[in-house]
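The values are calculated or read from the model by the stated rules, or taken from the named source; none is laboratory data. Predicted model, so just to flag it, every value in this text is computed and none were measured. Reconstructed Cβ throughout: ideal geometry from the backbone, glycine too, with neighbour counts over all protein chains shown. Surface areas here come from the heavy atoms of the whole protein model, side chains and all, with no ligands, DNA or RNA. Shrake-Rupley method; radii C 1.70, N 1.55, O 1.52, S 1.80 Å.
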Amino acid sequence: MIVYVLIDPRTDTIRYVGKTVRTATRRLRRHLSESYMTAGTHKDRWLIALKREGLEPGIEVIEICSSLV
């Protein structure tokens, strides 16, 4: 499992922390597709706003874990 952050490319600030068992790139793509389907969370609205500006968030792995515990 990896722990990752999504970074706002306009300000270089961390806007979201998440975890996945997939690759960081695959998870980022999933976030971007989910944001267009729901737009129900603050994260989704932020991602939609970035897309409207022709931008994408950065993603950075901050921890690689061998288990959930």
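Before moving on, here are some points about what is shown:
- The set of residues from the range 35-46 being assigned to a helix (DSSP H, G or I), open to solvent by 20 Å² or more (accessible area, probe 1.4 Å) and without any contact (Cβ under 8 Å) to a residue 12 or more places away in the chain comprises 37, 42, 45.
- Among (1) touching a Gly at 6+ places or on another chain (Cβ under 9 Å); (2) surrounded by 16 or more Cβ atoms within 10 Å (Cβ to Cβ); (3) modelled with pLDDT of 95 or more, the one test that residue 27 misses: (3)
- Taking the range 1-25 as the range and being without any contact (Cβ under 8 Å) to a residue 12 or more places away in the chain and either part of a strand (DSSP E or B) or touching a Ser or Thr at 6+ places or on another chain (Cβ under 8 Å) (or both) as the test, the residues that pass are 13, 14.
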